[in-house]
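Asks: Have a look at this one.
The values are calculated or read from the model by the stated rules, or taken from the named source; none is laboratory data. Since the model is a prediction, treat every value here as computed from it, not as a measurement. Virtual Cβ from ideal backbone geometry, glycine too; neighbours counted across all protein chains shown. For the accessible areas, the whole protein counts, side chains as well, though only heavy atoms, and no ligand, DNA or RNA atoms are used. Shrake-Rupley method; radii C 1.70, N 1.55, O 1.52, S 1.80 Å.
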Amino acid sequence: MERKQTRQIHIGPVAVGGGAPVSVQSMTNTKTADVAATVAQIRALSAAGCDIVRLAVPDMDAAKALGEIIRGTDVPLVADIHFDYRLALEAIRQGVAALRLNPGNIGGEERVKAVVREAKAAGIPIRIGVNGGSLDKKLLQKYGRVTAEALVESAMEHVRILEAQDFYDMKISLKAHDVPLTIAAYRLMSRTVDYPLHLGVTEAGTPTTGMIKSAVGIGSLLAEGIGDTIRVSLTGDPVVEVRVANEILKSLRLREYGPTLISCPTCGRTAIDLPAIAAEVEKRLEGIKAPITVAVMGCVVNGPGEAREADVGIAGGKGEGLVFRKGEILRKVPETELVSELFKEIDALLVEKAAGA
């Protein structure tokens, strides 16, 4: 797909926009002042495939903890600032890779200028974050409700504040929990500016419903070539956000990361416990970072053929099944050995890939 060419910024070593790969972002839900817990969660996010991590900075204790957190982690960190411009200044001093702020809520023009001046001197970008749930009252009165136009107008007000300070190192997010509204807002913003866009459906919900809303909203925009970074917002463990985000990118061939599992929906021909087998395979694939495709198919009639593009796979029969590779049948094994035999092939494939690298 043809992606919109936006201007490029850098969040630490991660290039954003300008044709760079779409990057995955998440946010810690630990208390930032708790350095040990926060570092542990950031490391888990990084291991899951997260490129950029944002941290809430609600007070000076959190701001002052950032330096130690940065020294204990290996991904660029973004400080999320609201209301108190001094927290932004301290976060910059501590060495964060970027700021996320709303220039309209940190205390007036002079304070905005102070933050922008220090960000510019430090060479770090600012993400302007507009949220449908906290839209300015004057815009709500003008439009009568939260609309795509209202979100874009709000963002542009903040963009102009930064541009007036000769600051252009920014990206923009326009988040709402309503998927069609979110899509419409990003489409309009993409036509309005060439700054990189950070995609997300905010307050999407629990993993069960939130991943669906996120996949539809974020995926629709990415399929149109819109978006430079993404964050899947889910209630609970943020590591799940990262896994879902990577699956969205993989489904659109925008990222090669970790295994892709192909699993058939089952039908009347299925004679093995395919759901249990697929779940076991999925669990055992966790932690593998090589981009391999694994198929778990329900029957030998169509399984190998339907999944011939898979690197390796299994197809069930009655109490037994086939192990295949790129559609070619390797051997027939008892049902109880299907998973172990599959992983013998996966292990061999990983060794081959490592040697080829």
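Asks: Give Arg93, Arg71 a once-over and let me know the one that is open to solvent by 20 Å² or more (accessible area, probe 1.4 Å), at pLDDT 95 or above and within 18 Å of Pro125 (Cβ to Cβ).
Replies: None of the others qualify; the one that does is Arg93.
Asks: Right, another one. Under 6 Å by Cβ, and 6 or more places apart or on different chains, what pairs join a residue from segment 1-24 that is over 13 Å from Met170 (Cα atoms) with one that is open to solvent by 90 Å² or more (accessible area, probe 1.4 Å) and modelled with pLDDT under 95?
Replies: none
Asks: Cβ-Cβ below 6 Å, separation at least six or inter-chain, first residue in segment 305-334 and free of Cβ contacts under 8 Å to residues at least 12 places away in the same chain and part of a strand (DSSP E or B), second open to solvent by less than 20 Å² (accessible area, probe 1.4 Å) and not acidic (Asp, Glu): which pairs?
Replies: Arg331/Val323
Asks: Next question. Considering only residues of segment 255-284 that are charged (D, E, K, R) and not in a helix (DSSP H, G or I), which is most open to solvent (accessible area, probe 1.4 Å)?
Replies: So the residue we want is Glu256.
Asks: Another one. Taking segment 328-357, which residues are of a type in the set (Ser, Thr, Tyr) and within 36 Å of the chain's Cα centre (by Cα)?
Replies: Within segment 328-357, Ser340 is the sole residue that qualifies.
Asks: Here is a follow-up. How many of the residues making up segment 160-180 are open to solvent by less than 70 Å² (accessible area, probe 1.4 Å) and under 21 Å from Val201 (Cα atoms)?
Replies: Residues meeting the conditions: 9.
Asks: Pick from Thr260, Thr229, Thr266: which is under 30 Å from Lys31 (Cα atoms) and of a type in the set (S, T, N, Q)?
Replies: Thr229
Asks: Kindly evaluate Asn105 against the criterion of being more than 19 Å from Asp166 (Cα to Cα), surrounded by 17 or more Cβ atoms within 10 Å (Cβ to Cβ) and of a type outside the set (A, V, I, L, M).
Replies: When the stated conditions are applied, Asn105 does not pass them.
Asks: With respect to Gln41, determine if the residue is open to solvent by 10 Å² or more (accessible area, probe 1.4 Å), in contact (Cβ under 8 Å) with a residue 40 or more places away in the chain and either part of a strand (DSSP E or B) or touching a Ser or Thr at 6+ places or on another chain (Cβ under 7 Å) (or both).
Replies: Judged against the criteria, Gln41 is a match.
Asks: A further question on this structure: I'd like to check which helices (runs of 4 or more DSSP H) are fully inside segment 76-150 and have at least 1 residues that are touching a residue at least 24 places away in the same chain (Cβ under 8 Å).
Replies: 85-94, 109-122
Asks: Restricting the first residue to segment 244-268 and requiring it to be under 16 Å from Val232 (Cα atoms), which pairs with a second residue that is open to solvent by 60 Å² or more (accessible area, probe 1.4 Å) and assigned to a helix (DSSP H, G or I) meet a Cβ separation below 8 Å and a spacing of at least six or different chains?
Replies: As it stands, the answer is Val244/Met211, since those pairs meet every condition given.
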